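Contents: one structure, followed by commentary.
The values are calculated or read from the model by the stated rules, or taken from the named source; none is laboratory data. From a predicted model like this one, the values you see are computed outputs, not experimental measurements. Here Cβ is always computed from backbone atoms with ideal geometry, including for glycine, and neighbour counts include all displayed protein chains.
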């Protein structure tokens, strides 16, 4: 039996995540080390670092080249950070599995907390969600866009180009980087799909699907698919300031969600509880939030 080819972006974080997935699969299948071959695919999102994603094509910049390699048969499956995967995917591609969710919190680099940043401090982030959340808490701050991998963004804080930035706690841990202070989810709610590594394969590739299912975490899968149903109903894009987090509590899924205006001055929030596998309720939650949102928020979404 032949091993599998794993497609991934070439950033240090993407490669760290790919290696974790490869090792998990080799262990579950009792395959020797290296039986899952890692294939680096350069994406437009990695090549174009000087502009926000929304200006140059959105989240597809992280996935389209990997999708092409997958559908062309150059790789057998791809590994993604699920928060970077568009909520509507091609029918030929199947989200087969996810790994257990990591730490969903953001970490602030450059200060003990958002509250303790100096008056008028400059915060670097290209995330519309993080920008809106920071400005909602501290309207006096200036938020500027920064792109690049984790190490690049850390360096921009160290060199004083910005006073602070926010980074995923899970991403830092996967890179074995100790930096910053975790922000409670009660203060900064994460992005849909944050801290989850997902695996996609061709929909008609039952052999690979079977292998990937062996490393799937079903609770995380149910939570992430509910978050994706929520963002899909919103018509959210990478330019939409949206936060959503779903957890399993007492046998039910419970989701908290927030939509923001671009400057964070207006926000709507709600919660819902529902059964695993119920994607209608998260979609209804999205439409409920949009219905009560002011125009400054609603205009940033494209619900059908």
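Of the set (1) surrounded by fewer than 22 Cβ atoms within 10 Å (Cβ to Cβ); (2) not in a strand (DSSP E or B), all apply to residue 94 but (2). Residues that are in contact with a strand residue (DSSP E or B) (Cβ under 6 Å, 6 or more places away or on another chain) and in a loop (DSSP other than H, G, I, E, B) within the range 164-183 comprise 179, 180, 183, listed in sequence order. The single residue among 186, 161 that is surrounded by fewer than 16 Cβ atoms within 10 Å (Cβ to Cβ), touching a strand residue (DSSP E or B) at 6+ places or on another chain (Cβ under 9 Å) and within 20 Å of residue 134 (Cα to Cα) turns out to be 161.
When you scan the range 11-32, how many residues do you find that are part of a loop (DSSP other than H, G, I, E, B) and over 18 Å from residue 198 (Cβ atoms)? Going through the range 11-32 one residue at a time, the tally reaches 3.
Counting only helices (runs of 4 or more DSSP H) that sit completely within the range 194-304, those holding 1 or more residues that are within 27 Å of residue 24 (Cα to Cα) correspond to 206-213, 218-234. Of the listed requirements (1) in a loop (DSSP other than H, G, I, E, B); (2) in contact with a strand residue (DSSP E or B) (Cβ under 6 Å, 6 or more places away or on another chain), residue 123 misses just one: (1). Exactly one residue among 232, 228, 298 is under 20 Å from the mean Cα position of the chain (by Cα), surrounded by fewer than 22 Cβ atoms within 10 Å (Cβ to Cβ) and at negative phi, and that residue is 232.
Tell me, yes or no, whether the range 70-85 has at least one residue that is touching a strand residue (DSSP E or B) at 6+ places or on another chain (Cβ under 7 Å), assigned by TED's automatic domain parsing to the domain that holds residue 17, at pLDDT below 95 and part of a loop (DSSP other than H, G, I, E, B). Yes: the range 70-85 contains one or more residues that are touching a strand residue (DSSP E or B) at 6+ places or on another chain (Cβ under 7 Å), assigned by TED's automatic domain parsing to the domain that holds residue 17, at pLDDT below 95 and part of a loop (DSSP other than H, G, I, E, B).
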